[in-house]
Structures are given as C-alpha cells and as structure tokens.
Amino acid sequence: MRQLGFGLGLRPDHYDAVLDGAHRIDWFEVTTENYLVPGGKPLHYLERLRERYPLVMHGVSLSIGSTAPLDFAYLHSVRELARRIEPEGISDHLCWTGVDGVNLHDLLPLPHTDEAIEHVAARVRQVQDVLGRRIMLENVSSYVSFRGAQMSESGFVAAVSEAADCLLLLDVNNVYVNSVNHGFDPVSYLNALPVERVRQLHLAGHSRRGHLLVDTHDAPVADAVWRLYEVAAARFVHASTMIERDDRIPPLADLVDELDHARRLAASALEAAA
Amino acid sequence: MTHLATLQAQIQQRVLRGDTAIEPQVAGRAQDVALRLGIYEHAYRARLKEALGMAYPVLRECLGRDAFDAVATAYIDSAPPTHRSIRWYGAALHRELRGMHAELARWEWLLGEVFDAADDRALTEADLARLAPTDWPALRLRLHRTVRFCETTTNAVACWQAAAALVPLPPPRDPERLWWVVWRRDVSTRFRSTPLDEVRAFMRLGAGATFADLCADLARDMTGREAAMRAATWLKRWIGEGLIGRGC
C-alpha cells in the first residue's frame, strides 16, 4: 500500500460532514463488513466518498487464525466490494473470531507458537490468492497470554508476516495496551517488526479497568500512545496513519484536530531522525 | 484435535457459557486469569446488546432499558451469532416477545432489511407511455426489489411512528388486522398500509401475473370496466410511489 498520509475511520455519524466540505483528511479507512450489504444508504455514501478520497478496507471478521475452515463466501463478498471501490489496501486482524459456525464478533488472541504461525501463514496465502493482493494484518489488543508461548508477541507478528509474505497494520495503541497488560517494553516491540512490511499505523483511545487497559476506541489518543507514535512514525516511514474512534464519537472537526496533532508529531519525529 | 483447536474451543465455551476449562492454559494467578477472561465475556455480551439496540431502537424505548436488556440477554443466550457482519444479528428477537412488542420487533427488523436491500431502478410513467396499447394486456410488472410486506394485528406501527416522532405512545388498541407495504425510494425508506385486495395484487405480480391477469382477478367482484379502472388506478399510484421495478 502506498503512503497515503493521515486519515480517519469513516463513521456513519460523519457521512454528511465529510461530504459537506473540504477537510484536512487525506484518506478514509472503512469497516469492510458495514458495506457487505446488497445496497441502500451505506453503499450510496461509500461510493460518493470514494469519488473524493482514497479508501482502505478494514475487516473484523476474516478470522484468519481460526481453526474453522476459511469462509470463502465471505471472502468472495470482500473481493466483490474491493472491485467496486478499488481500495488502496485491505486489512484485517491477526486473531480469530469464532469456531464451530459461531462468530463471536470479538478479536480473540492467538497463542504465540510455531503451530499458530504455520496455521495462520497458510491461510493468509489462501486469502491473498483469492483477493489477488497482499493483505495487511493488525496486531490486536489482548488481555490474556497463554502458557507454552514460544516467543514474544512482536516475534510472533513478525514471523507471521514473513511466513505469509503479508503486510502489517501496526496499531500503536494496541502495542501500548498490551505492554501494560502483559508487561513488556513497547519500543522493543516496534524495533522487532520488519520496517518494510508495516504500511499503516492505527491510533486510538483506551480505558482502564483495574490494573488492565482495555482497547475501547472511545476516547482521544492517550499521551503515552502519542509518545510511542513518535517512535513508530520515525521508524515506519512508509506507513500511513489513521485515527479510529468507535464510541462517544465527537464532531468531525475534533478528530481532524487530533489528526493534525499526529501530523505535527510525525513531522517532528522524522526531522529528528534525519 | 490440535492444540490450537482445543484452545479456541475452550475460549469460545468460556465466552459463551463461562466454562472454566481454559483457565489452566492462561498465564497468571487464578484470580487475575478470571479477571482477564472476564473482559472477553463482558465485551461479547456488550457488543451484541449494542447491536440489538441499534437494530431495535424503538423497541428498546418502548420496553425500557432494563426490560430490553433482559430480552437481549435471553436472546444472546439462545442464539450465538453466526453471521460475519454483526448487522445481521438479531433477526429472530421477536421470538422472545409477545403481542405488540413482537410485532414491533418484526417491524423494525423489516425496516432494517429495506434500508440496505438491493438497489433497483423504478419504472416511470414515461416508460409506460412508450408502450403501444396492444402491449398492455401482456404487460408483466415486477415489484421494486426493496418491496417487503408485513401484517400487524396490534398498533405496533402507530407506536413506532409515535416513538420516531418523539411523541407519547398511543394506548393499546383493540386487535385490528392491517397489511403494510414497505419499500425504499433512492435511500429513503417508505411505508403505507394497504387493503387486502391490493396486497393480493402485489402477490400476483410477484408470481408473474400480467396486467390482464390483475384485471381478470378484480373482475370476479366487479364489472370488467370497473376492474380495468381499479387496476389502472393502482398502477398509476404504484408507479408514482416507486413500487414497480424497471426491466426484468
């Protein structure tokens, strides 16, 4: 995926505001499943947006790590949508969402094992064959880790991307959340990822529950995540940045201001690194 | 079963039913493990309840938050999601309800179906004007692809209209059987009540009847001229409303 600049997650609350003027937004990420519908308003707005902005499709139900068979009907519908809107990239999560015909609509963690790497990599290759392009996989936030892990989370993410020859969507907030929840150094995590594979960066807010952080996407980006973003922006220079907000969604202008902050930090970080 | 498959089955059983078999696989002290797994259990239910609330906003208002929450909980326990998109979760919620609330649930789900049903082009009067008079008897009309029908025996639709308009709900009414036609014009959802003979005509169109067939059906209860007039009046209204699709 080419460098797109600074974008936002497209939310129905903002459809009219987005179409109603010029904004300092370079591109939009759209939730794939929201547009896997036969017709009507969602696709109507999506096509109008596509006339004005580059789009990236971001899925939540690929379930790439599941031991259930790949859902080819779903994959074909994703491919159909991609043909319709010609996205700059297609992404989903390095996780699983259900087995035995159930889809829990949650991004559930995988064990960091060789077995899981082999399993996921084989499925990513199948998906990439169907879609006719490399996909981006996103590191997910997690609240549990499993006994018997054979490597760190960053080692697992890097190994999957190499074995599957796929790209990575690095969620900086998820790295920070997991660093607190599982007790690791987030900067070392970033340094363990292959630079050339990271093509997109996610920023989002989180909330605290006891001694754990929960990836809630319902608040502005936290200061600690901004500091980690400076490191990421200097390292992953090919990556486009976007901010996700899924709950307590503020006016579009507030998110544009937050995006401006990301622009300034990235510019400073790049200057300092030069 | 592989280690990965076993692990996933155990996590899923924890999220769905609170099973404890996964706990020894999770790193950490027992109390902490329960807390961490609880985040997934909570998120699963919260996300589905949120989806049901979005699909049934008026039902939620009519029932009240607590009663809706109880209905949603019962439904989630009985029907784990199977679709890839959460937008399709909750189609059978009406089974957890009775009377007006069950009909309101069916109604709101139907509105959702029409909202993102397949796009279609509507037949226009100009299209019909191009027909030769001799083409009319064999003319086959088809319903616009967004058209759906619904039968009610309570004032569920009146309640929905009141809630949508933010005015007090009407009192329960004696049972009255009504038919409704629901469709979309461009991106805007429309509906109206419709008499039974018109519903029958719609059904006949759906089964491939010609304009002459419609007239013949009506002529059983009126003169041939009256039947032709009634059919023509319907057709004019249907075209004006965008209920008839263009092309095959």
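The values are calculated or read from the model by the stated rules, or taken from the named source; none is laboratory data. Fair warning: this is a prediction, and the values are worked out from it, not measured in the lab. Cβ placement follows ideal geometry from the backbone for every residue including glycine, while neighbour counts extend to all protein chains displayed.
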How many of the residues making up the stretch A:123-157 are more than 14 Å from chain B (Cβ to nearest Cβ), under 30 Å from residue A:205 (Cα atoms) and among the basic types (Lys, Arg)? 1
Look through B:9, B:43 and report the one residue that is closer than 26 Å to residue B:93 by Cβ and modelled with pLDDT of 95 or more. B:43
From the option list B:17, B:36, single residue qualifying as closer than 18 Å to residue A:215 by Cβ and assigned by TED's automatic domain parsing to the domain that holds residue B:80 is B:36
For the stretch B:79-121, what are the residues that are in contact with a helix residue (DSSP H, G or I) (Cβ under 9 Å, 6 or more places away or on another chain), over 19 Å from residue B:180 (Cβ atoms) and in contact (Cβ under 8 Å) with a residue 60 or more places away in the chain? B:80
Go through B:157, B:199, B:181 for me and flag whichever is of a type in the set (Val, Ile, Thr), over 30 Å from residue B:64 (Cα atoms) and in contact (Cβ under 8 Å) with a residue 40 or more places away in the chain. B:199
Wholly within the stretch A:151-218, which strands (runs of 3 or more DSSP E) include no fewer than the required count, namely at least 1 residues that are surrounded by fewer than 22 Cβ atoms within 10 Å (Cβ to Cβ) and free of Cβ contacts under 8 Å to residues at least 40 places away in the same chain? A:207-209
Please determine, by comparing only the residues of the stretch A:66-81 that are without any contact (Cβ under 8 Å) to a residue 12 or more places away in the chain and farther than 18 Å from residue A:124 by Cβ, which one is nearest to the other protein chains (Cβ to nearest Cβ). A:73
Let me confirm something: among A:124, A:130, A:140, which residue is surrounded by fewer than 23 Cβ atoms within 10 Å (Cβ to Cβ), at pLDDT 95 or above, β-branched (Val, Ile, Thr) and part of a helix (DSSP H, G or I)? A:130
When you scan the stretch B:79-97, do you find a residue that is more than 12 Å from chain A (Cβ to nearest Cβ) and acidic (Asp, Glu), even just one? yes
Looking at the stretch B:130-145 only, could you name the residues that are at pLDDT 90 or above, within 34 Å of the chain's Cα centre (by Cα) and either of a type in the set (A, V, I, L, M) or assigned to a loop (DSSP other than H, G, I, E, B) (or both)? B:141, B:143, B:144, B:145
When the stretch B:163-178 is examined, which residues are found to be surrounded by fewer than 17 Cβ atoms within 10 Å (Cβ to Cβ) and either assigned to a strand (DSSP E or B) or more than 22 Å from the chain's Cα centre (by Cα) (or both)? B:167, B:168, B:170, B:171, B:172, B:173, B:174
Quick one: residue A:102 ticks every box in (1) more than 25 Å from residue A:7 (Cα to Cα); (2) in contact with a Phe, Trp or Tyr (Cβ under 9 Å, 6 or more places away or on another chain) except a single one, so which number is it? (2)
The stretch B:17-44, residues that are in contact with a helix residue (DSSP H, G or I) (Cβ under 9 Å, 6 or more places away or on another chain), over 27 Å from residue A:117 (Cβ atoms) and within 10 Å of another protein chain (Cβ to nearest Cβ): B:41
Residue B:181 being within 14 Å of chain A (Cβ to nearest Cβ), closer than 20 Å to residue B:120 by Cβ and at pLDDT 90 or above: no
Any pair with Cβ under 7 angstrom, 6 or more apart, that starts in the stretch B:219-241 at a residue that is buried (at least 17 other Cβ atoms within 10 Å of the Cβ) and ends at one that is of a type in the set (Asp, Glu): B:234/B:198; B:239/B:125
Here are the criteria: (1) part of a helix (DSSP H, G or I); (2) at pLDDT 95 or above; (3) surrounded by 15 or more Cβ atoms within 10 Å (Cβ to Cβ); (4) not β-branched (Val, Ile, Thr). Tell me which single one residue B:83 does not satisfy. (1)
Output yes when any residue across the stretch B:18-26 is within 21 Å of the chain's Cα centre (by Cα), surrounded by 20 or more Cβ atoms within 10 Å (Cβ to Cβ) and modelled with pLDDT of 95 or more, and no when none is. no
Residue A:2, sole failed condition from (1) in contact (Cβ under 8 Å) with a residue 40 or more places away in the chain; (2) within 18 Å of residue A:246 (Cα to Cα): (2)
From the options B:36, B:95, residue that is at pLDDT 95 or above, in a helix (DSSP H, G or I), among the basic types (Lys, Arg) and surrounded by fewer than 15 Cβ atoms within 10 Å (Cβ to Cβ): B:95
Taking the stretch B:104-129, which residues are surrounded by 15 or more Cβ atoms within 10 Å (Cβ to Cβ), assigned to a helix (DSSP H, G or I) and more than 11 Å from the chain's Cα centre (by Cα)? B:128
Is one or more of the residues making up the stretch A:82-97 more than 7 Å from chain B (Cβ to nearest Cβ), hydroxyl-bearing (Ser, Thr, Tyr) and assigned to a strand (DSSP E or B)? yes
